[in-house]
Amino acid sequence: MPDPVTVSADDVLRAGGAEQPVKEGTFLQRTGLLLAAGVGTLASLVIIGLVVKWVFYAPAVPVMPPDVDQEKARVIIENYKQLQQATLEPFTSLFESVVVKVLLPIFTSILGYIFGSRNGKG
């Protein structure tokens, strides 16, 4: 079996039609990407935590007895809907106050500043 051939990244780029090597971002851009990744990761963890907690707190689906009449079934379903909505409401308000009102503006501000700023090398 022949030895594997190692190809550098510059060779791959030249083969793809790139004439100049890829430049790394500026210090400000790299720092911004790290900050944005951190804020995005934190927002993802908050969302996953809220979903997992809601799954454990969500009310169980009611079991309908086979001999239930239509009016009782309607009342059971309506009660289940109200209970599910009452359980979901604190999680949606927490999501809005933490993710939408705090983390998302920070995330977009970081990206807007980093990639909207010019360093004069134009």
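The values are calculated or read from the model by the stated rules, or taken from the named source; none is laboratory data. Note that this is a predicted model, so its numbers are computed, not measured. Every residue, glycine among them, receives a Cβ derived from its backbone with ideal geometry; neighbour counts consider all protein chains shown. SASA here: full protein model, heavy atoms, side chains in, ligands and nucleic acids out. Shrake-Rupley method; radii C 1.70, N 1.55, O 1.52, S 1.80 Å.
Does the stretch 70-85 contain at least one residue that is exposed (fewer than 10 other Cβ atoms within 10 Å of the Cβ) and either over 34 Å from the mean Cα position of the chain (by Cα) or at pLDDT below 90 (or both)? Yes, because at least one residue in the stretch 70-85 is exposed (fewer than 10 other Cβ atoms within 10 Å of the Cβ) and either over 34 Å from the mean Cα position of the chain (by Cα) or at pLDDT below 90 (or both).
Scanning for something over 30 Å from E89 (Cβ atoms), open to solvent by 90 Å² or more (accessible area, probe 1.4 Å) and either free of Cβ contacts under 8 Å to residues at least 12 places away in the same chain or in a helix (DSSP H, G or I) (or both), does the stretch 39-46 turn up at least one residue? The answer is no, given that none of the residues of the stretch 39-46 is over 30 Å from E89 (Cβ atoms), open to solvent by 90 Å² or more (accessible area, probe 1.4 Å) and either free of Cβ contacts under 8 Å to residues at least 12 places away in the same chain or in a helix (DSSP H, G or I) (or both).
Which of the residues that make up the stretch 86-100 are surrounded by 11 or more Cβ atoms within 10 Å (Cβ to Cβ) and within 20 Å of G40 (Cβ to Cβ)?
Result: L94, F95, E96, V98, V99, V100.
Condition (residue is farther than 21 Å from L104 by Cβ and open to solvent by less than 80 Å² (accessible area, probe 1.4 Å)) applied to the stretch 47-60: is it met by at least one residue? The answer is yes; a qualifying residue exists.
Across the stretch 47-69, the number of residues qualifying as in contact with a Phe, Trp or Tyr (Cβ under 6 Å, 6 or more places away or on another chain) and either assigned to a helix (DSSP H, G or I) or modelled with pLDDT of 90 or more (or both) comes to 2. Scanning the stretch 16-37 for residues that are exposed (fewer than 13 other Cβ atoms within 10 Å of the Cβ) and at pLDDT 85 or above gives L34, A37. Whenever a residue of the stretch 67-85 is touching a residue at least 24 places away in the same chain (Cβ under 8 Å), its partners that are open to solvent by less than 90 Å² (accessible area, probe 1.4 Å) and outside any helix (DSSP H, G or I), lying with C-beta atoms within less than 9 angstrom and at least six residues away or across chains, give the pairs L83/P59; Q84/A58; Q84/P59.
For the stretch 23-34, state whether one or more residues are more than 30 Å from S8 (Cα to Cα), in contact (Cβ under 8 Å) with a residue 12 or more places away in the chain and in a helix (DSSP H, G or I). Step through it out loud before you land on a result.
Narrowing the stretch 23-34 to residues more than 30 Å from S8 (Cα to Cα): none.
No, the stretch 23-34 contains no residue that is more than 30 Å from S8 (Cα to Cα), in contact (Cβ under 8 Å) with a residue 12 or more places away in the chain and in a helix (DSSP H, G or I).
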